[in-house]
Amino acid sequence: RARREGLLSSLASRVTRQEATNDGYIFTFQASSETLRSITEMIDAERQCCRWLRFTVIVEPDAGPITLRLNGPAGAREFLSALFESA
């Protein structure tokens, strides 16, 4: 739990744009190797405990932004909101 909270806080502090969707959230980050590593570590931790979440990562060309979409079934957005607010 502590590791997960640390990963989420690190990511939450790097978000440059956040958009709520019907089934989750889209987070945008400035491109950096450190941010990409943090995203993959968070995905690995969360996919083990929240097996119903879908993770989509888009890395734009030419050092463009990194986009992380988290979504899932009904209630996913509310769950994610509480998860990231506590981070």
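Sparsely packed loop sites in the chain (the chymotrypsin sites (Phe, Trp or Tyr not before Pro) outside DSSP H, G, I, E and B with at most 11 other Cβ atoms within 10 Å) comprise TRP52. By the helix-only formula, in which each DSSP H run with n ≥ 4 contributes -39500 (n - 2.57) and the sum is divided by residues, the chain has a 222 nm mean residue ellipticity of -14000 deg cm²/dmol. Measuring with a 1.4 angstrom probe and ignoring ligands and nucleic acids, SER9 comes out at about 50 Å² accessible. With the charge dipole of the chain set up from +1 on Lys and Arg Cβ and -1 on Asp and Glu Cβ about the Cα centre, the Cα lying farthest toward the positive end among the listed residues ALA74, ILE39, GLY64 is that of ALA74.
Charging the Cβ of each Asp and Glu at -1 and of each Lys and Arg at +1, and nothing else, the dipole of the chain about its Cα centre rounds to 240 debye. Note on the chain: Cα Rg divided by 2.2 N^0.38 Å, N the number of residues, gives 1.01. The solvent-accessible area of ASP62, taken with every protein chain present and a 1.4 Å probe, is close to 150 Å².
The values are calculated or read from the model by the stated rules, or taken from the named source; none is laboratory data. This one's a predicted model, so the numbers in the text were calculated from it and none came from an experiment. Because the Cβ atoms are built from the backbone with ideal geometry, glycine has one as well, and the counts that use them run over all protein chains shown. These accessible areas exclude ligands, DNA and RNA; they are computed on the full protein's heavy atoms, side chains included. Shrake-Rupley method; radii C 1.70, N 1.55, O 1.52, S 1.80 Å.
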